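Values in this text are rule-based calculations from the coordinates and carry no lab data. These figures come from a predicted structure and were not determined experimentally. Cβ atoms come from the backbone with ideal geometry, glycine included; neighbour counts cover every protein chain shown.
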Amino acid sequence: MEELRCSMQDLAQQYGITDPRVIRKSQMLDKLIVQYMTSLPCKKSKVQTDMPTEELHRRLESLNRLRENIEVLEQS
C-alpha cells in the first residue's frame, strides 16, 4: 500500500491530481485499503461521549472531505 501511495503522489506531482493515471492509482489504493479493512476482525465500538465538541467537528469535517473525494473519484 505504501509503495502504491508513493507512486500515486509522484504521479500527482508530475501530472496533477485530475490526471487519469493518478485517479487509477488512487482507485487501486482505495481497493487495497478496503480489502485490508474488511480483513480485520470486526469490533463493536463505543461512542465516545466525552470528546470535546471541537474534536467532533474536526472529525466530521474530515469525514465529509473524504466522502467528497470518493464522490469525485466515482464520477471520473
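Taken along the Cα-to-beta-carbon direction at a fixed 7 Å, the label points for Glu3 and Ser62 span 2.8 nm. Taking 0.36 nm per residue of sequence separation and removing the Cα-Cα distance, the Leu73/Glu54 pair yields an extension gain of 3.9 nm. Here the gap between Ile33 and Asp10, fully extended at 0.36 nm per residue and compared with their Cα-Cα distance, gives a gain of 6.4 nm.
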